[in-house]
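Some notes on the structure that comes next.
The values are calculated or read from the model by the stated rules, or taken from the named source; none is laboratory data. Model, not experiment: these values are computed from the prediction. No Cβ is skipped: glycine too gets one built from the backbone with ideal geometry, and neighbour counts run over all protein chains shown.
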Amino acid sequence: MPVKITPFDTILIANRGEIACRIIRTAKTMGLKTVAVYSNADANTPHVKMADQAVNIGPAPVNESYLLIEKIINAAKETGAQAIHPGYGFLSENAAFAKACKKQGLVFIGPEPEAIDLMGDKAKSKRRMIKAGVPCVPGYQDEKQDDKTLITESKKIGFPIMVKAAAGGGGRGMRFVNDPKSLPDAIKDARSEAANAFGSDVLILEKAIQQPRHVEIQIFADRDGNTIHLGERDCSVQRRHQKVLEEAPCPIMTPKLRAKMGAAAVKAAKDIGYIGAGTVEFMLESSGEFYFLEMNTRLQVEHPVTEMLTGLDLVALQIRVARGEALGLKQEDISLTGHAIEARLYAEDPAQDFLPATGAIHLWEPAIGDGIRIDSGIETGGNVSPFYDPMIAKIIALGETRDDARRKLIRALQDTTIFGPKTNKRFLVDALSHPVFATGEATTAFINENFPQSALANTGLSHTEAITAAITQYILSRKSSLANALPIPGDLLNWSSATKIGTPYQFDDLNIIITPQRGRVYTASINETDYTVSLIEHGENYIDLTINDERIKANFHSLAPSQLSLSIGAKSLSLTNSLALFHRAEDTAGAGAVLAPMHGSLLEVFIKKGQVVTKGTRLAILEAMKMQHEILAEVDGTIMDVHVKAGTQIAADMLMIDIKEGET
């Protein structure tokens with residue numbers, strides 16, 4: 001019997017940010033109307049502006065807005081939407097949400113609730129895959145969850161092991177344990193994080209496979225049972241189990257191995273009667289052995305690399321399958337052309353152990369180029385909120401070869417400007433440029449092995465960067481003065497009949513004196529060394545100049561007369577001319593002053609006034625951007641005061657705890 005077609009002309013996108021924008025773009029090309037939902041924090045964001053209609057669903061916290069099934073359903077009814085696309089994250093893998101849509105006569109653009117429920121539980125899904133004959137990692141995935149059982153089973157598996165939330169993903173509720181002594185704390189912390197993130201504290205244990213590749217297979221199935229795969233993606237470059245760089249095809253893939261892994265993924269999907277887009281994730285060892293890791297029952301963040309290689313629009317395919325249409329593709333129709341690599345741009349500070357960053361976006365100018373695609377949900381004048389995931393954009397490059405794609409992506413990152421919150425842009429360029437990645441040898445250990453925290457520290461300001469900043473501020477100051485003065489002929493700018501006057505600047509520990517010479521030529525002096533600077537061109541947010549014949553192109557944004565954001569290549573700088581401004585309060589804080597590293601919710605405080613602590617003692621746990629962060633003592637000493645309480649929201653740079661150093 002043919003599958004019944006369920007027509008719909010309006011889709012509600014139950015998501016935000018770049019994925020909401022991406023879904024809206026495809027829906028519009030298909031002639032469909034779109035409805036956005038938004039929290040109070042997202043009222044003026046791009047996805048709200050792009051949609052045909054938008055509905056406010058509540059306050060900023062996700063459990064008061066984007067995770068409320070009833071509010072999403074009501075928004076669909078109010079606007080006449082007949083279908084809901086969940087995107088990824090939030091309710092995308094929530095079986096109760098899929099059931100609620102079905103109950104209300106709404107088309108859920110995704111798999112059946114039963115498949116979501118089964119594959120969303122790592123324990124249940126692994127038991128099912130073992131039964132189906134799909135290779136799985138040795139471990140423990142049974143129902144007994146007491147500490148004694150988990151500790152006993154971990155000894156049977158052998159260390160190192162991974163403790164994982166059965167209901168989770170994205171690195172949340174996951175701990176790597178190498179030492180049996182640290183297992184009880186790891187179990188406790190993983191349970192807590194899992195319960196907060198997913199509403200379930202059930203855990204599984206798996207043997208930690210050392211230095212594997214993380215390779216996933218994109219599958220698609222229609223309601224007639226036609227199931228195919230669209231090749232693989234290598235997602236090995238990860239930090240804290242969150243993907244950073246993804247590419248297709250996998251650098252070490254062979255046609256024989258692809259066929260074998262693809263067949264296993266299709267078998268997994270068919271075994272559970274899967275419908276729509278899904279991803280079967282495997283760990284691939286250098287020997288060619290691979291193990292089932294999990295199945296994501298939704299569209300993946302990294303789906304653009306598959307789209308660029310296959311020429312298919314996966315969102316359009318999702319919509320057609322959800323309407324009941326046949327997939328219209330056979331396995332032999334799928335071919336992969338070229339190589340694509342995606343970089344995830346995060347609002348975070350690599351120099352501070354990748355802590356999430358928040359704040360206003362002063363300037364957003366994404367790169368443009370042949371074979372470059374940028375998916376984002378931000379804009380100049382917008383804001384990165386502490387309430388949501390710190391990924392703000394994806395930058396993807398397609399090349400004829402892997403090295404073509406890699407070089408294109410490096411250039412696209414360098415040409416992309418974002419001023420405001422700190423980002424991982426420079427780290428992405430460094431990772432893409434590293435010989436291990438360049439030769440296609442990166443495994444899941446790549447970042448830990450090649451980027452220790454000491455290597456991620458902010459480097460000192462170079463003379464070239466300091467001069468570029470000083471010249472930029474000089475020109476901005478002159479422009480401001482000219483705007484308030486009588487008209488001056490352009491050929492008289494920088495001319496003087498008296499001795500040339502130098503203007504001093506100080507950035508970090510560098511003192512620069514800018515002295516105009518003639519026309520567009522200046523002298524920049526640093527520590528008695530003179531540089532000749534020639535201004536080629538400058539605009540509202542860019543400057544082009546030479547310093548001793550070295551060509552420098554930079555983007556900038558002026559926050560105040562003394563403050564400047566500057567982007568030169570992969571490096572983004574926030575600079576203050578300290579001759580004109582202030583010292584930050586935390587610069588004068590003692591070594592024992594513990595400041596909040598970001599906005600967030602304080603879950604636990606482990607110490608009290610008068611307690612003696614040593615360096616590394618756990619002081620508190622802060623939850624921000626869906627992750628839990630340990631606050632550790634940086635000195636030995638005695639707790640003099642605790643200024644915060646568990647269960648409260650705290651702001652970045654807030655004084656949390658005072659430690660009197662050396663008092664033990």
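Worth a mention:
- Residues that are under 17 Å from MET283 (Cα atoms) and touching a strand residue (DSSP E or B) at 6+ places or on another chain (Cβ under 7 Å) do not occur anywhere in region 180-199.
Here is a yes/no grid of residues against (1) under 30 Å from the mean Cα position of the chain (by Cα); (2) part of a helix (DSSP H, G or I); (3) surrounded by 20 or more Cβ atoms within 10 Å (Cβ to Cβ); (4) assigned by TED's automatic domain parsing to the domain that holds ALA316:
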position: LEU91; (1), (2), (3), (4): yes, no, yes, no
position: ALA96; (1), (2), (3), (4): yes, yes, no, no
position: LYS102; (1), (2), (3), (4): no, yes, no, no
position: ALA115; (1), (2), (3), (4): yes, yes, yes, no
position: ARG128; (1), (2), (3), (4): no, yes, no, no
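- Residue in region 264-279 that is at positive phi, in a loop (DSSP other than H, G, I, E, B) and in contact (Cβ under 8 Å) with a residue 24 or more places away in the chain present: yes
- Selected residue [crowded, with 21+ Cβ neighbours inside 10 Å, touching a Pro at 6+ places or on another chain (Cβ under 7 Å) and either of a type in the set (Gly, Ala, Ser) or assigned by TED's automatic domain parsing to the domain that holds ARG406 (or both)] from GLY276, GLY262: GLY276
- For region 192-221, the tally of residues that are in a loop (DSSP other than H, G, I, E, B) and either touching an Asp or Glu at 6+ places or on another chain (Cβ under 6 Å) or within 22 Å of LEU91 (Cα to Cα) (or both) stands at 5.
- Qualifying residue in region 176-191 (condition: part of a strand (DSSP E or B), of a type outside the set (Gly, Ala, Ser), surrounded by fewer than 23 Cβ atoms within 10 Å (Cβ to Cβ) and in the same structural domain as GLY158 (by TED's automatic domain parsing)): yes
- Per the conditions (1) part of a loop (DSSP other than H, G, I, E, B); (2) in contact with a helix residue (DSSP H, G or I) (Cβ under 7 Å, 6 or more places away or on another chain); (3) farther than 20 Å from GLY169 by Cα, the sole criterion not satisfied by GLY87 is (3).
- Residue that is nearest to SER572 (Cα to Cα), among those in region 360-386 that are β-branched (Val, Ile, Thr) and either assigned by TED's automatic domain parsing to the domain that holds SER565 or in contact with a Lys or Arg (Cβ under 9 Å, 6 or more places away or on another chain) (or both): ILE374
- Qualifying residue in region 9-32 (condition: within 17 Å of ILE72 (Cβ to Cβ), touching a Cys at 6+ places or on another chain (Cβ under 7 Å) and not assigned by TED's automatic domain parsing to the domain that holds ILE361): no
- Of all residues in region 387-401, none satisfies being at pLDDT 95 or above, in a helix (DSSP H, G or I) and surrounded by 20 or more Cβ atoms within 10 Å (Cβ to Cβ).
- Boolean, GLU342 is part of a loop (DSSP other than H, G, I, E, B), touching a residue at least 60 places away in the same chain (Cβ under 8 Å) and assigned by TED's automatic domain parsing to the domain that holds PHE419: no
- Any hit, region 314-335, residues being of a type outside the set (A, V, I, L, M, F, W, C) and either outside the structural domain of LEU413 (by TED's automatic domain parsing) or under 19 Å from TYR88 (Cα atoms) (or both): yes
- Some residue of region 243-255 being without any contact (Cβ under 8 Å) to a residue 12 or more places away in the chain and in the same structural domain as GLU348 (by TED's automatic domain parsing): yes
- Tabulated pairs, region 323-338, first part of a helix (DSSP H, G or I), second among the small types (Gly, Ala, Ser), C-beta under 9 angstrom, 6+ apart or interchain: ARG323/ALA83; GLN331/GLY262
Per-residue answers, yes or no, for (1) outside the structural domain of LEU345 (by TED's automatic domain parsing); (2) within 24 Å of GLN300 (Cβ to Cβ); (3) touching a residue at least 12 places away in the same chain (Cβ under 8 Å); (4) not in a helix (DSSP H, G or I):
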position: ILE5; (1), (2), (3), (4): yes, no, yes, yes
position: VAL35; (1), (2), (3), (4): yes, yes, yes, yes
position: ALA41; (1), (2), (3), (4): yes, no, yes, no
position: VAL55; (1), (2), (3), (4): yes, no, yes, yes
position: LEU67; (1), (2), (3), (4): yes, yes, yes, yes
position: ALA75; (1), (2), (3), (4): yes, no, yes, no
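- The residues on offer are VAL301, VAL321, VAL315, and the sole one that is within 16 Å of the chain's Cα centre (by Cα) and either at pLDDT 95 or above or at positive phi (or both) is VAL301.
- Residue in region 336-352 that is of a type in the set (S, T, N, Q), surrounded by fewer than 16 Cβ atoms within 10 Å (Cβ to Cβ), modelled with pLDDT of 95 or more and in contact with a strand residue (DSSP E or B) (Cβ under 7 Å, 6 or more places away or on another chain) present: no
- Filter result for ALA123 (closer than 30 Å to LYS260 by Cβ, at pLDDT 95 or above, within 29 Å of the chain's Cα centre (by Cα) and assigned to a helix (DSSP H, G or I)): no
- Top-ranked residue of region 369-386 - restricted to ones that are in a strand (DSSP E or B) and among the β-branched types (Val, Ile, Thr), ranked as modelled with the lowest pLDDT: VAL384
- Complete set of residues in region 380-436 that are in contact with an Asp or Glu (Cβ under 9 Å, 6 or more places away or on another chain) and hydroxyl-bearing (Ser, Thr, Tyr): THR380, SER385, TYR388, THR416, THR417, THR423
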